[in-house]
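Structure first, then comments.
The values are calculated or read from the model by the stated rules, or taken from the named source; none is laboratory data. Here the structure is a predicted model, which means the values were calculated and not measured. Heads up, the Cβs are rebuilt from the backbone with ideal geometry, glycines too, and the neighbour counts pull from every protein chain shown.
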Amino acid sequence: MSGPVQTTANFEVRTLAFQMPDRGGGPTGPRIRVGRPSRRVRTLFMTLGVLAVLAMLFVMFAGFWTDWLWYRSLHYSSVFSTTLRTKIGLFFVFGLLMSAAVGVNIWLAHRLRPPLSAMSMEQQSLDRYRMGIAPFKKWVLLAVTALVGLIAGASAAGQWRLWLLWVNSVPFGQKDAEFHKDVAFFAFDLPWYRFLLSFGFAATVLSLIAAALVHYLYGGLRVTSPGARATGAATGHLSVLVGVFVALKAVAYWLDRYGLAVKSSDFKATGNWTGLRYVDANAYLPAKTILFCIAVICALLFFATLWRRTWQLPVIGFGLMVLSAILIGGLYPAIVQKFQVEPNEQAKESPYIKKNIEATRNAYGIDDSKVADYTGKTDDKAGTELRQTADSTASYRLIDPSVVSPTFQQLQQKRKYYQFPSTLDVDRYKDAKGKDQDTVVGVRELNLAGVPKRNWINDHFTYTHGYGMIAAKGTSPDPEADQQGAPDFTEAGLPTTGNPGGGGLSTYRQQVYYGEKTNQYSIVGGPQKELDYEDNGEKTTSYKGKSGVSLSNPVNRAAYAVAFGEPQMLYSGAIGEGSRILYNRTPKERVEKVAPWLTIDGDAYPAVVNGRIKWVVDAYTTTNGYPYASRTTLGDSTADSLSGQDRSVVAQQNKVNYIRNSVKATVDAYDGSVDLYEWDTKDPVLKTWKKAFPGTVKPKSAISDQLKEHLRYPQDLFKVQRELLTRYHVTDPQQFYSGSDAWQVPDDPTRKDGSAVPPYYLSMKMPDQQKQAFSLTTTFTPTGRPTLGAFMSVDADAKSKDYGTIRMLKVTNDVPGPQQVQSKLNGTPEVAEFVRNLRGTDSDIEYGNLLTVPFNGGFLYIEPVYARGGNSNYPLLKKVGVSYNGNEPAFKNTLPEALDAVFGEDPSDGQQPPDDSTGKPSADPTVQEALKDAGEAWEDSQKALEQKPQDWEAYGRAQKDLKEALDKAAEAEQKAAEKKSGSGAETQNEPQGQGASNKGG
């Protein structure tokens, strides 16, 4: 049957025509006539496809266009264009190089294929694959090369920082201790060379794989067939590629020599280690040199196969290289370490430890630290003289910025749609006498969660900004406040006004459009009026700043509607002429975007400068390529008991071994303008980035005097330095190796989560200073012991000639540490009485920052104590604890009273003599027994801390016993008081502020 088989039914199916050909070329199955889709349907599908492609392109365009508009609005378009240009250049250059490398080798392998007649049976089985590829081989080649090019280009574009650092590198002017090369080679050049090397390896391996597949497909390689396994052409081609790979390995061995200077390793004597040790200098370094020579010879043997057409010598050479890598690069260093270093490790490693100490101290800016021995012993001066000296030693900051935020919120929030950060800031402002005064400040920012009615208009058009900055004296509460213990506000109200007698802020623009808590976008300046503030009536405003991006252009509106997923932007009548969109509104986010090469401090703080609220942001230049300097993880080093609140940890888990506070940045709270100021004029990393992004960083001379008054030493840098100084305060290699003088950052004694104590800002003077200086301070304890090991302070006042000077007092005697002082204070009868009285008013005790101040050869501890609850659900300063060199602590209503008690002055707190029921612990035997148990529990907790290692389990049990004893005493005392007077319970609950809750204190 030679023709098609006719079906009995006569019909047309308007689908595809289908027929099954047989091997003879004729049809063997039924032929079904089908029609093509109608032109209308085809047009519809084509239109939908085109629209889908256009939509995808517009989404991509929207992201690009909105970024460009944002950078242009801040006048940092050069940052955007330089970064984009660099990424595009790297993408195309390395993408094309990868495509060319793989494509040329595929093409060459195809050209070198043997004649088909010479193919074996093995290769004939691949005939159908070759026939399938043949019509599309050009498209297959293009697809493969395009794919590898896209992947390689995208990977290279992500290395734009390495490229800019390498091409703009500035010398450090310092040479490493081993190879005597400038540090810039390790910080800028070596990372780029390693990237090029990894790219070369990737290109060679992909080319080798692609060429081998093509040779196999077209008969150049055989696996199962008898005879020669490869043609001469395939042998030569593949051996050249392997030779290139081995040559790159030789380059890798050579670069590995320099990499030893920045290699991180675990050193059991010191923990984290960077740089060469004895085994590196005497085993790994010569081994890398030998392996380099062997790899060069091996590469030449592979290249020689172009003439010899045999794999014998290259394979022998490659085997020798692998064996050498195992024996010389692995076994020999292990033998040196085991039999030369370990028997006398301290002597062998001392020269290298010395290099590590010097490099680390230099890289972190701690090489000029002033270290002095401090006995911690007090001299026998009269009490009156000591008492007078104590007043001038420091401005003791009693208002803790990490505690009083709820108090600011309660007393100065004014409206529910305002908020303060959970941790406030410490700054300096003039008092009524024109002297600097430590001041706790907080910006009243917008809180959308408190908006009465949430909708798109209210969230983004009506409620757009916060209002004003609140300030309070840091050294004392307000003596005339309705609630005793409330902060003494020097700037308060809505709108805010200053206290003329207390040195309020100067006149300033109070609207806060940019702040730490401002994460949402707002559309301002258009037809829709904004709520400015409510004060005996609603005040409205319309934004007049130049910040943000104009939405008057329909293209901009469409781009932002797509970028933000807000289609209302396209048709909302609230957007019109003059409308501008504000976004990326947190200070940290804005500085990070305009300077992506900086690492940002976790705590931006506000300051009133030239009539504007300015957010001050400290920024760092870093590298992890400083030879011999030990690396640290920024996230771990900067974490403390305040992390995770409003203070984000800097840089999270970035590892660095060089850091400088090279840039001070400001963000205007009204118009969002960002200014970057050079601070460290000698930093080569900053100089390199300034070459890469010219004009983005203003010179240091551009910093105004008003701004400089509020600049301070940054906390995150200080925390990194103190973490390093726990070990690197020791400069003697042998002592460093032994670890006998290692310190640790103590846990915060006011918290129970075991987090590190944060550093504290306060004005104080060190023993070698003549007057108080605004400082950032911290303490250390010896490793495994609770006693005080050292005290560290840095001059934090940017106006001071000693700014950045680190002073350390190394304690040479046993002096109680923060944990011990806190425990001893907790165990005093006065604290027990205070806690008992609070329990009667449903209040809780809350400890403030435990300040440590060097004084008269010893240390003075000052701790504010707050009460929360009862008549006020926010903390109020009620008591002050003072301890001097571990002596019996005083626990009084005010700091002067506590100092008087500690230094032997009249301990009277100025109140009427209390009666027996409140002025002293009860004579009830149950109370006395409970207080005795509390004392024993405190002694047990101290013994647990003094053990080596510290027995935290026993400490926990003792603290639990202490709490139970105090609770028992409180209950017994309350019962005794009720028995004595039926009105006792009512007396305890009187709303008398400080006096009611502090009876007997």
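In this structure, does GLY383 turn out to be surrounded by fewer than 23 Cβ atoms within 10 Å (Cβ to Cβ), touching a Ser or Thr at 6+ places or on another chain (Cβ under 9 Å), within 30 Å of ILE845 (Cβ to Cβ) and modelled with pLDDT under 90? In short, no.
Quick grid of which residues meet (1) in a strand (DSSP E or B); (2) hydroxyl-bearing (Ser, Thr, Tyr):
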site	(1), (2)
ALA472	yes, no
ASP482	no, no
THR490	yes, yes
ARG509	no, no
GLN528	no, no
LEU531	yes, no
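The residues on offer are TYR284, TYR258, and the sole one that is aromatic (Phe, Trp, Tyr), in a helix (DSSP H, G or I) and touching a residue at least 60 places away in the same chain (Cβ under 8 Å) is TYR258.
Evaluating ASP367 against the criteria (1) surrounded by fewer than 17 Cβ atoms within 10 Å (Cβ to Cβ); (2) assigned to a helix (DSSP H, G or I) leaves one unmet condition, (2).
If I filter region 397-418 for residues that are surrounded by fewer than 16 Cβ atoms within 10 Å (Cβ to Cβ) and not in a helix (DSSP H, G or I), do I get at least one hit? Taking every residue of region 397-418 in turn, at least one turns out to be surrounded by fewer than 16 Cβ atoms within 10 Å (Cβ to Cβ) and not in a helix (DSSP H, G or I).
Tell me, please, whether a residue that is touching a helix residue (DSSP H, G or I) at 6+ places or on another chain (Cβ under 8 Å) and part of a loop (DSSP other than H, G, I, E, B) can be found in region 518-525. The answer is yes; a qualifying residue exists. Report whether or not ARG222 is over 33 Å from the mean Cα position of the chain (by Cα) and among the basic types (Lys, Arg). So ARG222 fits the description; yes. Condition first: more than 17 Å from TYR866 (Cβ to Cβ) and of a type in the set (D, E, K, R). Now tell me which residues in region 467-481 satisfy that. Hit for region 467-481 is GLU480, nothing else. Only one of the listed residues (GLN770, GLN744) is more than 24 Å from ARG397 (Cα to Cα), at pLDDT below 95 and not charged (D, E, K, R). That residue is GLN744.
Within region 816-842, the set of residues being crowded, with 21+ Cβ neighbours inside 10 Å and farther than 20 Å from GLY869 by Cβ comprises PRO816, GLY817, PRO818, GLN819, GLN820, VAL821, GLN822, SER823, LYS824, LEU825, GLY827.
Out of curiosity, is ASP459 of a type in the set (Asp, Glu), in contact with a helix residue (DSSP H, G or I) (Cβ under 7 Å, 6 or more places away or on another chain) and modelled with pLDDT of 90 or more? For ASP459, the condition - of a type in the set (Asp, Glu), in contact with a helix residue (DSSP H, G or I) (Cβ under 7 Å, 6 or more places away or on another chain) and modelled with pLDDT of 90 or more - is met.
Apart from one condition, THR540 fits all of (1) in a strand (DSSP E or B); (2) in contact (Cβ under 8 Å) with a residue 24 or more places away in the chain; (3) more than 35 Å from the chain's Cα centre (by Cα); the exception is (2).
Only residues that are farther than 24 Å from LEU446 by Cα and in contact (Cβ under 8 Å) with a residue 12 or more places away in the chain were counted across region 543-554, and they come to 1.
Residues are listed down the side, and each one gets a yes or a no for (1) closer than 27 Å to VAL697 by Cβ; (2) loosely packed, with under 14 Cβ neighbours inside 10 Å; (3) in contact with a Leu (Cβ under 8 Å, 6 or more places away or on another chain):
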| site | (1), (2), (3) |
| --- | --- |
| VAL50 | no, yes, no |
| LEU57 | no, yes, no |
| MET60 | no, yes, no |
| LEU69 | yes, no, no |
| SER73 | yes, no, no |
| PHE92 | no, no, no |
| VAL102 | no, no, yes |
| LEU108 | no, no, no |
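State whether the residues of region 920-938 include one that is under 30 Å from MET808 (Cβ atoms), modelled with pLDDT of 70 or more and either surrounded by fewer than 21 Cβ atoms within 10 Å (Cβ to Cβ) or of a type in the set (S, T, N, Q) (or both). For region 920-938, residues under 30 Å from MET808 (Cβ atoms), modelled with pLDDT of 70 or more and either surrounded by fewer than 21 Cβ atoms within 10 Å (Cβ to Cβ) or of a type in the set (S, T, N, Q) (or both): absent.
The helices (runs of 4 or more DSSP H) found entirely in region 691-794 that carry 1 or more residues being within 28 Å of the chain's Cα centre (by Cα) are 705-708, 715-728.
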